[in-house]
Each structure stands twice: as structure tokens, then as C-alpha cells.
Amino acid sequence: MDALKNAFRSIHVLLKRHGTPLRWERTQEETFGLPVQVPTGYGVEFDRRMEEVINAIDAAISERLRPFYEQMERYEARRKARKKPRTE
């Protein structure tokens, strides 16, 4: 697994250096197509800071998606309310 992660990291660095676009279908165009692994071994403080950054990004994304989820919940509630009870 480490060899694969290192290979992906090397490919990512080379693509970025040369500006060569490579991306998976349905991904953002500004990405280079390969995930960047968060490095380990930099110590507890680094791990804590990375966790804070990731949590902040997750919270921001969740906040932006809240209206969508609320709309979906209202739609589902209306759909269930319209559903007629089964008669046996």
C-alpha cells in the first residue's frame, strides 16, 4: 500500500509540475485527478492542525449543503403525506 501511495504522490507531483491535466470523470477540472494523501509522521501538533482544517472544511461544506438537505427532507415529508394507506 505504501508503494501505491508513493506512486500516486509522485504522479501527482509530476502532473502538477508539467501542468498536464488528468482527471476522473465527474471531478472538478482544477484537480489533477489523483488524491493527495495527508502525510503522517510530522507529530501530534501537525495531526491536530490537519484535523482542525479538515473539520472546518467539512463544516463549511455541510453549511452550504444545508438548504439542499432541508429541501429534500420537505420533499420526502410531502411525498409520504400524499401516500395513501394500504387497504387489506
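The values are calculated or read from the model by the stated rules, or taken from the named source; none is laboratory data. Computed from a prediction, not measured in an experiment: that's the story for all the values here. Positions of Cβ are backbone-derived with ideal geometry, glycine not excepted, and every protein chain shown enters the neighbour counts.
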Subject >> Pairs with Cβ under 8 Å, 6+ apart, first in the stretch 29-48 and surrounded by fewer than 10 Cβ atoms within 10 Å (Cβ to Cβ), second modelled with pLDDT of 75 or more and part of a helix (DSSP H, G or I) >> reply: 40/47
Subject >> Residues of the stretch 60-76 that turn out to be at pLDDT below 90 and of a type in the set (Gly, Ala, Ser), as a count >> reply: 1
Original post:
With respect to residue 57, is the statement that it is over 20 Å from the mean Cα position of the chain (by Cα), at pLDDT 80 or above and surrounded by 10 or more Cβ atoms within 10 Å (Cβ to Cβ) true?
Top reply: no
